[in-house]
Amino acid sequence: MTESSFRTRITDLFGIRHPLLLGGMHHLGESGIVAAVVNAGAMGFITARSFDGVDALRSDLRRCRALTDGRPFGVNLTLSRRPGANKDVAAWIQAALAEGVRHFESAGSSPEGLVEAIHDGGGILIHKCPSVRHALSAERLGVDAIALVGMEEGGHPGDNQLSAFLNGAFALEQIRIPLVIGGGIGNGRQIAAALALGADGVVMGSRFMVASEIIAHDALKQRIVASDAGCSTAILASLGDTWRVLVNDAAREVQRMEAGGARHHADFGDLILSSRTRQRVYQDGDVEGGIVSLGPAGGFADGIVPAAEIVERLMRDAASAARMFAGRFDWAAPGHVFPA
């Protein structure tokens, strides 16, 4: 088996070589990293919410098209539950379609209202959600694929308490459209395991935080490289808004405030604002000064390298794991007894 032999419904749907998706990354998911992942044979999604206006998004879409030499790439539509926060979503979709984008990832709230607009424009939509219940609802709404995440996902995994693989195992009994799983996935063995489970691929984010193309300060990348499986923690669960993040001073302060009774987002001031993280952490390199979305898969990072190198290693290790598994048993041998 070679790294290019993992053909699934997801590779067919997106026209990619590897069953690997780089999900949306707030303030980081822009043309540089997305193009690098796409050029390596996977799929990536530019995060529309990261941009200060539709014109800025449109400019980055054009840059990505140039960087990929016309290869297809995607746009992430993260939907917020806060009043008025989704006023630009329709404009994002129209701008993306006008620039030739046909692959979309939605996350957050229900994708109702997105499906028709995207399909009418000739696009396809994969919806990312935290539970089988939400996945079944999205399937009924007509999305083309599901990305199901476990509690290990960096960012907002919802109130789900199931791991990625347990969540996936339940979903595969019920979901009929293409399905990828995500959360805590950071090496090739896990990709092979996801495919063996029956998933069509994986969605990742944290493992790519150290890619050289990521527009974050090297101090953050070095912090992640030096970390291990204990690199992340959960905050804001007491508000019903669980957020898995890098263990740092900012996260510990949020946890201290929660323990002291803070129960509204406003109680935390600018401590949990993405604008603070963008300035203090991503730009200035103060790794303690803001909240950084990160899952335990960040612990697999062992160097700041180009995204293409990360993809190549992941898929090489996945192929090696698949060969190792297949070679452990002679499935065709007469009288073979399957392991209990």
Legend entry - ILE175 vs. criteria closer than 24 Å to ALA35 by Cα and among the β-branched types (Val, Ile, Thr): no
Inset, instruction - Kindly list the number of the only condition in (1) touching a residue at least 40 places away in the same chain (Cβ under 8 Å); (2) farther than 24 Å from VAL38 by Cα that fails for ALA297. - result: (2)
Inset, instruction - Mind listing just one residue for me: the one in the stretch 214-231 that is outside any helix (DSSP H, G or I) and under 23 Å from VAL34 (Cβ atoms) and, of those, nearest to the chain's Cα centre (by Cα)? - result: ILE214
Inset, instruction - Out of the residues in the stretch 118-171 that are surrounded by fewer than 22 Cβ atoms within 10 Å (Cβ to Cβ) and basic (Lys, Arg), state the one that is nearest to ILE235 (Cα to Cα). - result: ARG133
Legend entry - Output for the stretch 172-198, where each listed residue is surrounded by fewer than 18 Cβ atoms within 10 Å (Cβ to Cβ) and within 17 Å of the chain's Cα centre (by Cα): ASN187
Inset, instruction - Count, please, the residues in the stretch 238-261 that happen to be more than 20 Å from ALA297 (Cβ to Cβ), among the aliphatic types (A, V, I, L, M) and either under 18 Å from the mean Cα position of the chain (by Cα) or modelled with pLDDT under 95 (or both). - result: 1
Inset, instruction - Give the stretch 216-235 a look and list any residue that's without any contact (Cβ under 8 Å) to a residue 60 or more places away in the chain and buried (at least 21 other Cβ atoms within 10 Å of the Cβ), or say none. - result: ILE235
Inset, instruction - Would you mention how many residues in the stretch 281-312 are part of a helix (DSSP H, G or I) and under 24 Å from ASP241 (Cα atoms)? - result: 6
Inset, instruction - Collect the residues in the stretch 232-258 that are part of a loop (DSSP other than H, G, I, E, B) and either over 20 Å from GLY150 (Cβ atoms) or small (Gly, Ala, Ser) (or both), keeping them in residue-number order. - result: GLY240, ASN248
Inset, instruction - Look at the stretch 4-56 and say how many of its residues are small (Gly, Ala, Ser), touching a Gly at 6+ places or on another chain (Cβ under 9 Å) and surrounded by fewer than 18 Cβ atoms within 10 Å (Cβ to Cβ). - result: 1
Legend entry - So GLY70, is it in contact with a His (Cβ under 7 Å, 6 or more places away or on another chain), over 26 Å from TYR282 (Cα atoms) and not in a helix (DSSP H, G or I): no
Inset, instruction - Please enumerate the residues belonging to the stretch 57-77 that are under 18 Å from the mean Cα position of the chain (by Cα) and either of a type in the set (A, V, I, L, M, F, W, C) or crowded, with 20+ Cβ neighbours inside 10 Å (or both). - result: PHE73, GLY74, VAL75, ASN76, LEU77
Inset, instruction - Of the numbered conditions (1) part of a loop (DSSP other than H, G, I, E, B); (2) buried (at least 20 other Cβ atoms within 10 Å of the Cβ); (3) at pLDDT below 95, LYS87 fails exactly one; give the number of that condition. - result: (2)
Legend entry - Residue check for MET1: outside the structural domain of ALA96 (by TED's automatic domain parsing) and either surrounded by fewer than 24 Cβ atoms within 10 Å (Cβ to Cβ) or modelled with pLDDT of 95 or more (or both): yes
Legend entry - Selection count, the stretch 3-34, where residues are touching a residue at least 60 places away in the same chain (Cβ under 8 Å), in a helix (DSSP H, G or I) and hydrophobic (A, V, I, L, M, F, W, C): 4
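The values are calculated or read from the model by the stated rules, or taken from the named source; none is laboratory data. These numbers come from a predicted model, not from an experiment. With ideal geometry, Cβ positions are generated from the backbone for all residues, glycine too; neighbour counts draw on all protein chains shown.
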